[in-house]
Structures are given as structure tokens and as C-alpha cells.
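Asker: I have a structure here, written as C-alpha cells, and I will follow up with some questions on it.
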Amino acid sequence: MKLTKIFLVTASLLFCPLLKAATYHISIKIDTGFFERKNALIKAEVNFGKTIDAKSIKLIKDGKKIPILFMPQKKYNAEIYWILPGETPSLTIKEYTLKFADGAWDTTPIGSAELQERVQNETNIAPNHSFEIVTEKAKKKTNWKGTKLPTGWVLADFAWAHRKLPDITATCRIDETEAYDGQKSLEFKSQLRDDKKDKNGRKLNLFGFAFSPVFPLKPDTEYSFSYQVKFVDIINNDGKHQGMSASVNFLGKDKKRIYPKNYAMNRLQTAYSTARNPKEAYFKKWHKVEYRKKTPPEVRFGQIWIGGSLTGRVYIDNLILKECGKSGNPVKVKVGKIITQ
Amino acid sequence: MKKLTKLGIVSLLAVVLCQVTYGEVFKFDFGTKDSPLEPGYTRVTETDAFSTKQGFGWETDKNKKPIRLYSRNENFSTQRAFLKMDAVLCDHVTGGRKYFYPTRNYKFKVKLAKGEYVAAMIMGKITEKYSSLINRPPYWYMNYEIKVNGTTAFTMKRGGLRKYLSDFCTAAEANFLPGDSLFYKYLKAYFPIRKFTISGDEAIIEISSACPVNALLIYPRKQKNKLEHELTALMKRSEEFINSQYKEQKPKLRQLSAATKKKFSSRGMILFSSKVDEITPYTLPAVNEMFRPVGEFLPVGEKGVLRFGLLPLKDLKNVKISLPDFVSKDGKNKISKDCLDLWLSNTTAFSSSGQTIYYKIRPWYAFPYKKQDFIAGATRQFFLYVKLQTNVKPGDYSGTITYTCPQGTADYKLFLKVLPFKLIKPDTSFGMYAYSPLNTRLRFANMQKQGKKMYKGENTFLLTNEFQEKAMAEMAEAGLNTVAQGPNLLFEFDKKGKVVEKGEGLKYWNAFMKIYQQVFGDKPIPAYGIGWGGLTHERIVPGFWCRNIKAFKHAGLTAKGKEQAAKLVRKFYATSKEQGWPEVIFYDQDEMANHGIWGGRLALERAKFFRKLSKEIGFRTCASMNGPVELPELPYLDIAIPNGSFPLTPKNVRQIRKDGCEYWIYNIGSKRYTFGFYLSKDLPKGRLQWSFYGTHNYLGQVPCLPSLGSIVYATMWDSNLNPSRRLDVEGIRQGIMDYRYFMTLQELVKKYQNTKNAQLAKAVQQGNELLKMISGGVEAEIAKPGAGIWSQTTCQRLRWRIASAIKEVQNAE
């Protein structure tokens, strides 16, 4: 009896660590859907339901281990990325097995730098995209009187050419009362001047603008660019092109605009016209504006510009600039149930 | 020393002055006062009247009113990367402008030292107006002459209208291949150099008013070689200037291995099948694609296409292609070669969308194959059309096509699977836009003063009808069953306010409708343009605005305008009844959202007006709509024709139907998917696309500068005046057939949905799941970035799945 007890205690002591590190597997099915894929990035969102050892994760296909990027999210959830190598036809279904074991939950991403860069490029490369990171007491300029700048960005309340006009009220500022994402957005307040006419003989409309820092872009690559816009206090100024616009300007290796006068080629322009849409479609609500374009071969860098030609108050938030997949439609992923081995 | 310097300066001035005035060599660059001047040339503008002091200038006939001259710089466009030309070619002087040229000649005089001279005159222009970049100058198609000192030195006789059109369209038969020069292929021909001799002490050069003069060079006869040398240098400079503005976007170049070349060298060529959307001159087949047979599956009674490539390994001369009969596996059944039709794609330099300085070489349109040469290394794309009779026995067929030339012979295997069912023809309207019969190049011949004179006695009416007939037959051949085309200014008001016929508009429209009826039967025609340009034009009915937003803002649609518009519409439908035309759907307006919120308001007013009239007279109305400001007009239309910018959200599509409109779609691209499986989502009743030929394109377009790719909306015609087949229209052909497959399976599923036959029920269920999978995969909002266009390969694979599902149901029946 004593021996039995000793045996049981010893056995439990021996097996406890093994029981604690139980292993599991999940079936993950991917479907290319209606689009052919070329080196497609696959994203699977997995809820592990418990703490797991990230280092133990293995993605297996036909007995081979596939390199992955493990990106922990909120507790026990993670995004797992990998590449579907080469060309894969449309209407193709493939099955993978994700294996893992118990362990301590770690919030550090694990995976190759190459995959991390790929994920970053296909997620968002717009600098300070939601204007959340702010530099205070920024150097004031003649055409900008604010105190807080979105870090890396340059703001202007109005064009330099109008700096000598008196009583300018147009502003371009960080705002903390309106936000689509996070706590802040970029606010533009315009000013319609009674004392000066523009080149079309209409009242001069002063409107601010913003430039992002320069960032790398790839040539011959399709990018999609979107942002959220909210229009408030709109007044018709009789202009033909009233609305907001945000562009990704295409720069060459010298960081200068390619084909400076060829606007069909030198930017990815994403505009929203208040003159071409009924007010109920955009007034006092966040609205997503999106466009996509392939960069010309000379492009090496990009810079985002935001500006407008309307009279009123406008908020901009959540800029998203990312590389598109071939079709723009992600590979569909179906994550199965966790099975204990 | 000072004296010597003075002497030197005086001598130099004398030499320079002599060169300009009475020297032996004269080089004039004609144009505006501020357009670029070729170095070493003397500027001549339209105001340089002849003076003895100057020694050159425009000569005026005594006792005659001087002809008014105009200068023009064709480097006018600042809007985008539009072709810029060099100092000599970019500008000219003419004896008229904007299609208006007097019948008299104009004269240029140069005072010469007595002697014998040779001269060359560069005469060219590429546009006529500023508003459109592809409007062709009358100079391109007029007869003209050049006289020197009263003697005819050059005569341009273009022959009859048919001969001229044939000559013009010859340019469409040429290919642009890797290494070709844009200048020489697409511009040089429009800047001919006319050479002549001069004797005596002056040159009075007389030119027809429509002729432009860009440059004039006069050299002593002894220096003829120098003139030739200067002309060669000028053209070289022009070529460099033009070509440097464009960059070719070449694919990554690959090479065939020596082993592959050796393997096929005795044949001299490689024939291959490929999945790529376009077989371009750069396409190299993969090893497994070389001589891989090409095949297609096709239901009885249908027309299908087998597409394949030819890669010449050496220059092939005079290649003869023999078409085969297709024979069934057991040898008992045959599809005759009479059912086959071989077409070859021509290659053109085509600007990439949004990247105006880049171009690609694309196989954009095709003509029926004629024996010809092929250049080594330049791959070409063939289409073999197979028209199946309805009595062909289903099964597998094969045949061998043979290419023969002195450099080699190659056989290529073809397969055809004839499917044992027929496709239904849904009642959906499939059409492309086209412009009214009078808005063609023939308009010059039958409407403009000089054209009428030049082609006097020619039956331009019959010629117009011939083109319309060929074009519509070609549309029907591609699977389209209507055309969005309207009339051109049929009626006007006389002094008493009575509606009367305007010119020959009604005669042409009536003839067009007769041809339409022959080709498309009684399918309703959406008469594009009738509501604004064709019947109730603002010129005919002032106050009934369509494009004049400013006037509408000021005064709205006036009561008189509405009254007159109503009279015209009544007259039109009364005539329609008399003539027995098929139903003409009244096209109220087009893309009014382009004019913003006020455009939407005007669209609503007009739609209300036409709705009331349509109820009274009995016709249906429609409008093409491209923005949400047009939503309010929906309750006043019978047919709503939105495009992706409307946008085509599920909510808007529901609204269209809720407001009682029939749902059609226009201009969402001419890809196979947008005419095929995309429609499976909401099953619209019509699908229109711009354009089979547009305003300026029909018979006015060949591949050339200034606008690469401007042929995108034009049907090319060959020198026999037969139409081409465009790559995008081929996509439309396949799309329509995809949709017919879908609808055929859907009809079978509906027919047998309550069957008690277990095997049939299973086949129906599987068919239904396939239909749901397809329509469920379509993203309705097609203009949304990332909505995605399914590739040809995906569409083809889905088509095969549908074909298999149809067969399953049939087998279980």
C-alpha cells in the first residue's frame, strides 16, 4: 500500500510537467475564392482560449513546417500570418494544421523580419495615421499658429501667398473632440473672405493643408489609400470642385515629385466632392473615402498631402495606406476547433 | 585695330543679312509669333505680308480681298502629358481654321537671286480644334495642289470617298512591334514633305487654303544634297524629340533556350496555347505550352473561340494557313472548315491608364487572316472562331491547323468538345454605345461645303448605311442584341413655329432603324442622345436646358422650352408609329451628376417632364446616372441605368426597384466578368458599355499620335472597309456567354426544384448550390476599391462547372 502511494506520488510528480504542456492542433482551411494568388499573405485569427507557448507554434502543410509570424492580440487571441508561395489558381482550397502547446502567454511577436515587413506594408504604412502621436510646442510658422503637431507632419492654416491678409481665421489643427479612431483627428476650419476674390472672381476661400513625413514606396506596386472624413458646418461657396482631398504624392529617388505637372501620374488622389453628393450622404457623420493606384516605375518615396476647397469645418482621421494584393480580396481563412492531442 | 573690327562687324552683318534675304539658302519656320523657332530658321507668321525689303512674305492678289490666314501652335495642351512636337512640326500657318476654309489658294513669295533652286515644304497638322484631341483636320482627306510660279508642282488626288477611306484605314492594318519608332509609325505620315524645283528670281508658292505649312527650305540646285541632308537631320531631331516623351513598359524579357530553338528550328516557329489575357509580341511560351493543343467546349448552335499564339523563330515569309475539318473520335462526324474563321491580332502602342507617358504594345484588335510575313521573335495572337450548327452531334472533335512558308511548316492540334445542350437567350438587353449615323467621318462628305464639292455625285447615304450595316452585324456577331444609339437633329421649327424636318437627319435615322430591325429584330433600342443632342437639343429648343446649368439656375426649364420640346417628342413618336420602328426608349439624359447638385436638380425636372409626356404618348424613358445626386429622379424613370459611381450599392439597387424602375447597368468596364458573372448578383435587365464607336472615332480613327490609346473606343476598319474585332469586345462576347450558361442552369433548377426523382433532385440541389456560390461571391459595389474583377481563367473554370452541372441535370432528367 505504501509502495503504491509512493508510486502514485512519484508518477504524478513525473507526469505533471507533461500534463501541463499538453499539445493541441487546429485545422485551418484557406480558400483562394474567385481570384488567382501570387505569393499571397494569409492571415488567420485564432482564439486559443488559454495561455499557450508561442514558441511551440508550428504550421504544418503536407508534413512540412511553414514559416509564420505570430502576432499576439488581446488576451489568448493572436493573428498568424504566412505566405502562400508562388502562383495559386482561383477556386483552390488548401488545409493546414496549426500545432501548439501550453505555456506562458507572451505579447511579443514571433517570426521573421521579412514577414513582419510584409504585414506592415499590407496593414498600414501611413505615418502617424490617426494623428495620435503629438509633438507639443512646435515651432510656429508664419502660416501656422498652432501649438500641437502630429509628430512628423507639417501643418499650414492657409497658403503662404495669403500671409499678408488681415484677420485670418482659417486653421488646421489637431482636434481632441472628434475622432474616428483613437482620441484625436485633424481639423480644418476654412474662411471665406469678403475682402478678396480668387482667380475665378469668387470670394477667396482660405483652407489649410497638411504634409506627412516622406516614407518609402515601392515602384510598380498597387497601393490603396483611404481615410475617414466628417463634414460639419458646410457652406456652398459656388466653387465647382468643393470637397476634401488627400493624396499620396509620388516621389523619385531624389525625394522630389515625379513628373511635377502630370497629375494623372504623380499622385494617388482620393477626393470627396461635396458638390457631387447630396448633403445627407456626408453631413455630420464619418465617411470613408478610398482609391487605389499602381505606382509608376520611378517611384521610391511617398508623401501624404491633405487639403480642401470647401467652406466649413472638416475632420480627417484614420489614414490607411497599404499595398494591395493582386485582387484586393484577402484569401478566405476558416479556423477549425482546437483539438487536444 | 578699331577700323578692322568695324570692317569685320559690317562684313558679318552683310553676310547674315544676305543669308536671310537675298542669299542662296532659305529656311523658313512657319507658326505663331511666340511658338518655338528652329535654330537657324527665319520665323514666318500669318501677318508677314511680302515686302521687297524683307524679301519674303504672303502675297495678295490685286483686286481681290486678301484671304485671312491663321497660325497655330499644336503644343497647346497643358492639361496632361499630351504630345509635344518640336519647333518645326508643332506650328504652322493655314488659310482657314476650325473646318472653315475658303476655296481659294493662298500664296507665299520669296525673292531669289536669279538661278535654279530645289525646295522642300513640310506640310502637316494632327488636330483641328482645341476641344478634342482626336478630331482630324480636313487637310487629311481633301484634294489639294501646290503651284510654283503658276505651274502645278504637286497635286493630291485622293480619288473617290471609298478610295480615300480605304487609304486612310490602311494605317490600321499596320503593326507596331518592339523596336519600332513612334514617330515613324504614328506621326511622320501626317507631315509629308513636298519637293519641287524653282527657276528664276522669285518663288510664288500657291497652296490650297486647308493646307498647313510648317517649314519651307530653298537651296540652290547645286546644293541638292545639302537640302536632303538638312531634311534628314530635321526628321532625326523630330524623331528624338517625339520619342523621348514616351517610355515603353516592357515585360521582363526572357530568352528561349538554345535547346528549344534547336528542337523547333526545322519548323521555323512555335505554336502554343496560353492562359495569359493577351498574347503580346513579348509573350514567350513556357516549355509545356509549346505545341500544347488548344481546345474549347461549346454547346450546339453556338460560336466559340480558340485562341493561340505564334512565335516565329525566324523571319517567316508569305505564311499560308490551312484550316482543318474537325472530326469526331470515331471518325463518323465532322465539323466542316466552312464553320471556321481565322483572325489575327494587330499590335498597337497603347498608353497605360493613368500613366500617359508609358505605353505597352498590345494586340488590341484583329482582322481576318491574310497571307503575310512574320518577324522573328515577335509573337502574335490568333483567334479561330468556330460556329457550330444546331445539328452537330455532341462529343469530342479534333483537327490540325497547318502553317506553311518557305522557312518551315508546322502543324498544330485543335480540340473541340461539343456539349449536348442549348444555351437560353435571356431577355436582357446587351448593347454598346454608338453615335448617330450623321456624326461620322462621312459627315464631311455629306454636310460640309468642301466635302460636298469634293465628293459631288457620290452616294454617301448608301455608303453610310453600308457601314452601319456592317457594324451592327459585327455587334450581333459578338452576342450583343441592341445598340445604344440615337438620332441626330431630326426636326426644327419653321418661322410659324411648326415642326419641320431638319436637313437629312430623318432620312438617315429611318435608314438606320431599318437596318437595326433587320439585325436586332424588334428589340427596344435605347436611343442614346435623343433627349439632349438628337431631338431636343438646346439649340433647337432654347429654354429646355440639359447641359446649360447656368441658364437652368437662372430661369429653370422655361414654359416655352417645355412646350416646344413636347411638340418635338410628339412628332418623333408619331413618326415612329408611321414608320413602324421598334420601340424607341427615350434617353432623357446622361451623367447629370457631372454637373453636381444642380445637375441632379435639372435631371429631376427633366425626368418629371418626360415622365408626364411618356404617359400621354406611350413610351418608356431611361437615363444613365453616375452619382447619388441623381437618386431623386428614380420615381420618374422607367429604366434606371446607373454605373459604378452611382454607386451600385445593394441599397441603391433596392431603391431602383422600389421606385418601379427596370434596372440596367452601364459603363462598368468591358471585361468578361462585368458582362457575365457580375450580372448574376442582381440580374439586371440591361447592360450597356461605351463604346462600339464614338463621336469622332467612327471612321476617323487609326492608331496614331497625338493620343496613344485613343482607339480604345473605336472600331478599326481595314482597307476593304470591313470592321475589326476588338480585344475588349471579345471579353464582352465571352461574358455574355457566361451569363447565358448561368441563366440556363438557373432555368433548369427552377424547372425541377420540386422533382420527386431523387437523382434529379440531387443534381438540381448541386446546381443550385453552384449558382448561389457564384452570385454570392459577387461584390455588388463594383467601383469600390478592391471589389475585384474575376479573371478570364476564373470565369472559364466556373463556366465549365456550370456546363457539368447542366449535364448532370440533363442526365438525371
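The values are calculated or read from the model by the stated rules, or taken from the named source; none is laboratory data. Please read all numbers here as calculations on a predicted model, not as lab measurements. Because the Cβ atoms are built from the backbone with ideal geometry, glycine has one as well, and the counts that use them run over all protein chains shown. SASA here: full protein model, heavy atoms, side chains in, ligands and nucleic acids out. Shrake-Rupley method; radii C 1.70, N 1.55, O 1.52, S 1.80 Å.
Asker: Restricting the first residue to the stretch B:560-589 and requiring it to be more than 16 Å from B:GLY529 (Cβ to Cβ), which pairs with a second residue that is of a type in the set (Asp, Glu) and open to solvent by 10 Å² or more (accessible area, probe 1.4 Å) meet a Cβ separation below 8 Å and a spacing of at least six or different chains?
Answerer: Sorted first by the residue in the stretch B:560-589, then by its partner, the pairs are B:PRO582/B:ASP522; B:GLU583/B:ASP522.
Asker: If you don't mind, there's one more thing I want to ask. Consider B:ASP201 against the criteria (1) surrounded by fewer than 20 Cβ atoms within 10 Å (Cβ to Cβ); (2) modelled with pLDDT under 95; (3) in contact with a strand residue (DSSP E or B) (Cβ under 6 Å, 6 or more places away or on another chain): it satisfies all of them except one. Which criterion is unmet?
Answerer: Condition (2) is where B:ASP201 drops out.
Asker: Condition first: open to solvent by 10 Å² or more (accessible area, probe 1.4 Å), over 30 Å from B:ARG725 (Cα atoms) and not in a strand (DSSP E or B). Can you find one or more residues in the stretch B:150-159 that meet it?
Answerer: Within the stretch B:150-159 (the criterion being open to solvent by 10 Å² or more (accessible area, probe 1.4 Å), over 30 Å from B:ARG725 (Cα atoms) and not in a strand (DSSP E or B)), the answer is yes, since at least one residue qualifies.
Asker: Filter the stretch B:459-502 for residues that are over 30 Å from B:ARG733 (Cα atoms) and touching a Gly at 6+ places or on another chain (Cβ under 6 Å); which is modelled with the lowest pLDDT?
Answerer: Going through the qualifying residues, I end up with B:LEU489.
Asker: Looking at A:GLY146, A:GLY103, A:GLY152, A:GLY111, which is the one that is loosely packed, with under 15 Cβ neighbours inside 10 Å and not acidic (Asp, Glu)?
Answerer: A:GLY152
Asker: Can I ask one more? Any residue that is under 16 Å from B:GLN468 (Cβ atoms), among the small types (Gly, Ala, Ser), at pLDDT below 95 and surrounded by 17 or more Cβ atoms within 10 Å (Cβ to Cβ) - is there at least one of those in the stretch B:519-527?
Answerer: No, there is no match, as no residue in the stretch B:519-527 is under 16 Å from B:GLN468 (Cβ atoms), among the small types (Gly, Ala, Ser), at pLDDT below 95 and surrounded by 17 or more Cβ atoms within 10 Å (Cβ to Cβ).
Asker: Scanning the stretch B:331-375 for residues that are away from chain A (no Cβ under 14 Å), among the basic types (Lys, Arg) and assigned to a strand (DSSP E or B), which turns out least open to solvent (accessible area, probe 1.4 Å)?
Answerer: It comes out as B:ARG362.
Asker: Given the condition within 27 Å of B:LEU708 (Cα to Cα), hydroxyl-bearing (Ser, Thr, Tyr) and part of a strand (DSSP E or B), answer yes or no: does some residue in the stretch B:65-83 qualify?
Answerer: The answer is yes; a qualifying residue exists.
Asker: Could you grab the pairs with beta carbons closer than 6 Å, sequence gap of 6+ or different chains, first residue in the stretch B:205-230 and open to solvent by 10 Å² or more (accessible area, probe 1.4 Å), second one outside any strand (DSSP E or B)?
Answerer: B:TYR219/B:VAL25; B:TYR219/B:LYS226; B:TYR219/B:LEU227; B:PRO220/B:GLU24
Asker: Just to check your reading of the model, which residue among A:GLU95, A:GLU117 is assigned to a helix (DSSP H, G or I) and over 25 Å from A:LYS184 (Cβ atoms)?
Answerer: Sole residue among the options that is assigned to a helix (DSSP H, G or I) and over 25 Å from A:LYS184 (Cβ atoms): A:GLU117.
Asker: Name every residue in the stretch A:304-341 that is open to solvent by 40 Å² or more (accessible area, probe 1.4 Å), away from every other protein chain (no Cβ under 14 Å) and either in contact with a helix residue (DSSP H, G or I) (Cβ under 9 Å, 6 or more places away or on another chain) or in a strand (DSSP E or B) (or both), in order of residue number.
Answerer: Selection gives A:TRP305, A:ARG313, A:VAL333, A:LYS334, A:VAL335, A:LYS337, A:ILE338, A:ILE339, A:THR340.
Asker: Identify the residue in the stretch B:603-628 that is within 14 Å of another protein chain (Cβ to nearest Cβ) and surrounded by 20 or more Cβ atoms within 10 Å (Cβ to Cβ) and, among all such residues, is nearest to B:ALA555 (Cα to Cα).
Answerer: The qualifying residue nearest to B:ALA555 (Cα to Cα) is B:ALA603.
Asker: Next question, about the same structure. Does the stretch B:552-569 contain any residue that is among the polar types (S, T, N, Q), modelled with pLDDT of 95 or more and either under 30 Å from A:THR274 (Cβ atoms) or open to solvent by 10 Å² or more (accessible area, probe 1.4 Å) (or both)?
Answerer: Within the stretch B:552-569, one or more residues are among the polar types (S, T, N, Q), modelled with pLDDT of 95 or more and either under 30 Å from A:THR274 (Cβ atoms) or open to solvent by 10 Å² or more (accessible area, probe 1.4 Å) (or both).
Asker: Can you tell me which residues in the stretch B:263-311 are among the β-branched types (Val, Ile, Thr), part of a strand (DSSP E or B) and crowded, with 20+ Cβ neighbours inside 10 Å?
Answerer: B:ILE270, B:VAL294
Asker: Give me the residue from the stretch A:275-286 that is open to solvent by less than 70 Å² (accessible area, probe 1.4 Å) and not in a loop (DSSP other than H, G, I, E, B) and, out of that set, nearest to the other protein chains (Cβ to nearest Cβ).
Answerer: A:ALA281
Asker: Considering the stretch B:653-667 alone, what residues qualify as being open to solvent by 20 Å² or more (accessible area, probe 1.4 Å) and on the phi < 0 side of the Ramachandran plot?
Answerer: Within the stretch B:653-667, B:ARG654, B:GLN655, B:ARG657, B:LYS658, B:ASP659, B:GLU662 meet the criteria.
Asker: Output the residues belonging to the stretch A:74-91 that are hydroxyl-bearing (Ser, Thr, Tyr) and open to solvent by 30 Å² or more (accessible area, probe 1.4 Å).
Answerer: A:TYR76
Asker: Quick one: which residue in A:TYR227, A:TYR272 is more than 10 Å from chain B (Cβ to nearest Cβ), surrounded by 21 or more Cβ atoms within 10 Å (Cβ to Cβ), in contact with a His (Cβ under 8 Å, 6 or more places away or on another chain) and closer than 20 Å to B:GLY786 by Cα?
Answerer: The conditions single out A:TYR272.
Asker: Name the pairs whose Cβ atoms lie under 6 Å apart, with the first residue in the stretch B:785-813 and more than 8 Å from every other protein chain (Cβ to nearest Cβ) and among the charged types (D, E, K, R), the second open to solvent by less than 10 Å² (accessible area, probe 1.4 Å) and assigned to a helix (DSSP H, G or I), and 6 or more positions between them or separate chains?
Answerer: B:ARG799/B:ASP738; B:ARG799/B:TYR741; B:GLU808/B:ALA763
Asker: When you look at B:GLN245, is it in a loop (DSSP other than H, G, I, E, B), farther than 29 Å from B:SER804 by Cβ and over 33 Å from the mean Cα position of the chain (by Cα), yes or no?
Answerer: no
Asker: Here is a list: A:ALA264, A:ALA179. Which entry is of a type in the set (Gly, Ala, Ser), within 14 Å of chain B (Cβ to nearest Cβ) and either surrounded by fewer than 16 Cβ atoms within 10 Å (Cβ to Cβ) or out of contact with any Leu (no Cβ under 9 Å at 6 or more places or on another chain) (or both)?
Answerer: A:ALA264
Asker: Kindly provide the set of residues from the stretch B:765-790 that are open to solvent by 40 Å² or more (accessible area, probe 1.4 Å) and in a loop (DSSP other than H, G, I, E, B), ordered by number.
Answerer: Answer for the stretch B:765-790, where residues must be open to solvent by 40 Å² or more (accessible area, probe 1.4 Å) and in a loop (DSSP other than H, G, I, E, B): B:GLU779, B:GLU781, B:ALA783, B:LYS784, B:ILE789.
Asker: Condition (residue is open to solvent by less than 30 Å² (accessible area, probe 1.4 Å), in a loop (DSSP other than H, G, I, E, B) and touching a Cys at 6+ places or on another chain (Cβ under 7 Å)) applied to the stretch B:101-124: is it met by at least one residue?
Answerer: Within the stretch B:101-124 (the criterion being open to solvent by less than 30 Å² (accessible area, probe 1.4 Å), in a loop (DSSP other than H, G, I, E, B) and touching a Cys at 6+ places or on another chain (Cβ under 7 Å)), the answer is yes, since at least one residue qualifies.
Asker: Here is a follow-up. Could you pull out the residue among A:THR177, A:THR123, A:THR147, A:THR171 that is polar (S, T, N, Q) and under 30 Å from A:GLY252 (Cα atoms)?
Answerer: Of A:THR177, A:THR123, A:THR147, A:THR171, the one residue that is polar (S, T, N, Q) and under 30 Å from A:GLY252 (Cα atoms) is A:THR123.
Asker: Right, here's the next one. Among the residues that make up the stretch B:750-764, is at least one of them touching a helix residue (DSSP H, G or I) at 6+ places or on another chain (Cβ under 7 Å) and over 27 Å from B:VAL300 (Cβ atoms)?
Answerer: No.
Asker: Could you figure out which of (1) within 30 Å of B:CYS405 (Cα to Cα); (2) among the aromatic types (Phe, Trp, Tyr); (3) open to solvent by 80 Å² or more (accessible area, probe 1.4 Å) isn't true of B:PHE241?
Answerer: For B:PHE241, the failing item is (1).
Asker: Residues in the stretch B:748-764 that are touching a residue at least 24 places away in the same chain (Cβ under 8 Å) and part of a loop (DSSP other than H, G, I, E, B): how many?
Answerer: 2
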